[in-house]
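The values are calculated or read from the model by the stated rules, or taken from the named source; none is laboratory data. As the structure is a computational prediction, the values presented were derived from the model and not from experiment. Backbone-built Cβ (ideal geometry, glycine too); neighbour counts: all protein chains shown. Side chains are part of the model used for accessible areas, which takes the heavy atoms of the whole protein and leaves out ligands, DNA and RNA. Shrake-Rupley method; radii C 1.70, N 1.55, O 1.52, S 1.80 Å.
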Amino acid sequence: MPKGKKTDRKRFERQEKHRLRNRSVRSKVKTYVTKARVAIATDTPVDATEAAVREAVRELDVAVRKGVLHPNNAARRKSRLMKRFHTAVGASA
């Protein structure tokens, strides 16, 4: 906690709020991406896997909208996820 000016303390409090909100958003993104990757890796039906991938992409977009992730970071993650998905669907077909 800053001991200086009042604005320093306010800034610190604001940063703490943002940090906690960002952490929950990042955690949610990781959870959905992991679910999608597990669905791709296992013998889950294609429609369930597609739904999991779609949810992961949606969460990545939400994180970008909230300013938690850089747009290029989310685009890279989505690209890699879709690449895995299409490879798995192509292999099972």
statement: Result for region 5-93: accessible area per residue, probe 1.4 angstrom, in square angstrom, of 73 Å²
- prompt: Dipole of the chain (Lys/Arg Cβ +1, Asp/Glu Cβ -1, origin at the Cα centre): which of His70, Ala52, Ala36 lies farthest to the positive side?
  reply: His70
- prompt: How big is the charge dipole of the chain about its Cα centre, in debye rounded to the nearest 20, if each Lys and Arg gets +1 on its Cβ and each Asp and Glu gets -1 on its Cβ?
  reply: 1000 debye
statement: Scalar couplings 3J(HN,Hα) for region 72-86 by Karplus 6.51 cos²θ - 1.76 cosθ + 1.60 (θ = phi - 60°), nearest whole Hz, x for Gly and Pro, are 5, 5, 5, 4, 5, 5, 5, 4, 5, 5, 5, 4, 4, 4, 5
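222 nm [θ] for the chain, helices only, -39500 (n - 2.57) per DSSP H run of 4+, per residue, to 500? Working shown, then result.
Numbers: 3 runs with 78 residues, N = 93.
About -30000 deg cm²/dmol.
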query: For the chain, what is the relative contact order in percent, using Cα pairs closer than 8 Å and at least 6 residues apart in sequence?
result: 26 percent
- prompt: Comparing Val29, Val57, Val46, which has the greatest mean-square fluctuation in the GNM of the chain with Cα pairs linked when under 10 Å apart?
  reply: Val46
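Tell me, what % of the accessible area of the chain is carbon and sulfur with a 1.4 angstrom probe?
Roughly 52 percent, rounded to a whole number.
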query: Which log10 I(q)/I(0) values, to two decimals, does region 1-80 give at q = 0.12, 0.26 Å⁻¹ under the Debye formula with one point per Cα?
result: -0.46, -1.13
- request: Using amide H atoms built 1.01 Å from N in the peptide plane, name the residues 5+ places from Leu69, or on other chains, whose amide H lies under 5 Å from its own.
  value: Val64
- line: Residue-ordered couplings for region 47-59, obtained by feeding phi - 60° into the Karplus form 6.51 cos²θ - 1.76 cosθ + 1.60 and rounding to whole Hz (Gly and Pro as x), are 5, 5, 5, 4, 5, 5, 5, 4, 5, 5, 5, 4, 5
